[in-house]
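Derivation of every value follows stated rules applied to the coordinates shown; laboratory data play no part. Just so we're clear, the structure is a prediction, and the values are computed from it rather than from any experiment. Note that we place each Cβ from the backbone using ideal geometry, even for glycine, and neighbour counts take in every protein chain shown.
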Amino acid sequence: MISGAQQQVELAARFTLGCPCTAEYFMEVTSEAQLAEALDSARRAGLPWRLIGGGSNVVPVDYLPGLTLQMKIAGVSREPAAEGRVLLDVGGGESWPELAWSTAAQGLYGLENLVLIPGTAGAAPIQNIGAYGAELGDILQSVRVLDVRTMQVKFLTADKLKLAYRHSLFKEDGGRHFVITRIRVQLEEQADLRLEYADLRERWEKAGAVKHPLEVAKIVRDLRLKKLPDPAKVPNAGSFFKNPLVHDETYQRLLEQDPGLVAFPLQNGQWKLAAGWLIEAVGWKGQLSPTGVGTHDRQALVLVNPGKAPGSEVLHVAGQIRAAVKHRFGICLEQEPGNLS
Ligand code: EPU
């Protein structure tokens, strides 16, 4: 028995992919003390455990043995910061889309390109969320973590987090023993907008080039609604694969083979291939498997699960897509959401 936990809890509604999933024990945690106590109980009972955030970037198995925790630590507070800057301390269970929208509405710069990304603040550093020319790493100052080996709480500054494209320390073996309980983001009262994403810049200019973060947030919202399925209506976990990073040699080879290839140059001489294009090119865009898992008809990089099929089926279809891309282009697509087991 785990004190305060419910038993045999159906969690499908807590995952944006809608996959059926039952937890042996389940509990929401609203404080660091409660988190530490729950982990201690699981350990004493010899039970495995895992923690979820907003459930928007994971593929769950049907049954989760042991204890499943959901991060619900709340609270947003302003910390002392340099002139012109605003440092926000945010509970790991706070909703990311609410945080991003409300800061943009307050006229604070930093999160306006990252509005509408589903999930919690505490999960955002794990894959270093990014969209429309911005990444969390641009404005993340530090995270507060519980080290589950020592049960000590500490701050880790962003430079220690190995933040890269959809990557962080928390995805490596050396970082899996940390649970993020709070994050600190540094926003600006006055700043330049980040408008490198061509479609965003064009729309912003067309709309009158107003220099306010909410203006950018509104355009990003429109772009997202146009391309990405609403998980409340069509179960999905956003982009299912990372955009592959390749050397120039590989890029040139692929371009010769397929002159329509979509790729973006990076500063280090590598190229970021548009995985959505690769998936579309092998014929998977808008296609559904017999169990109803497939890709979105307006964005092939997003796997959809309208029939709320099990996680195993989602992974099976992802494997078929990966094999087709590998066969035609020799490129291995890397899964973006984590597997929850
Ligand atoms: N494309 C196609 N067919 C498709 C989809 C895309 O040809 O079905 C091509 C288009 O040429 C398009 C290009 O791919 O111009 C890039 O597409 P898009 O701008 O929609 O972005 P993405 O690379 O597919 C990434 C992020 C998204 C983020 C957008 C916007 C990753 C893994 N995904 O997608 O993030 O919203 O850029 O910045 O980097 C997420 O991580 O869940 C997510 C939605």
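The simple Förster model, with R0 at 35 Å and r as the Cβ-Cβ distance, assigns Val234 and Ser341 a FRET efficiency of 0.90. Under the shape rule built on the C-alpha gyration tensor, where the axes satisfy a ≥ b ≥ c, region 51-99 is prolate, since a/c reaches at least 1.5 and a/b is greater than b/c. The reciprocal of the average 1/r between distinct C-alpha atoms defines the Kirkwood hydrodynamic radius, which for region 27-169 equals 16.3 Å. Taking a straight Cα-Cα cut-off under 22 Å and skipping sequence neighbours fewer than 8 places away in the same chain, the lysines within cross-link reach of Lys272 are Lys162, Lys171, Lys227, Lys242, Lys285, Lys326. Between rounded, prolate and oblate, where does region 236-340 land on the alpha carbon gyration tensor, with a ≥ b ≥ c its root eigenvalues, rounded for a/c under 1.5, else prolate if a/b exceeds b/c? Prolate shape, in that a/c is at least 1.5 and a/b is the bigger ratio. Qualifying GluC sites (Glu not before Pro) in region 66-150, where qualification requires a DSSP coil assignment and no more than 14 other C-beta atoms within 10 Å, comprise Glu83.
In whole angstrom, note down how far apart the Cα centers of region 193-218 and region 93-108 are. After rounding, the separation between the Cα centres reads 18 Å. With only Cα atoms counted, the chain has Rg and Dmax values of 20.5, 62 Å. Take every pair of alpha-carbon atoms less than 8 Å apart whose residues are at least six positions apart; their mean separation over the length of region 76-227 yields a relative contact order of 29 percent.
Taking every alpha-carbon pair under 8 Å whose residues sit at least 6 apart, the chain reaches a relative contact order of 17 percent.
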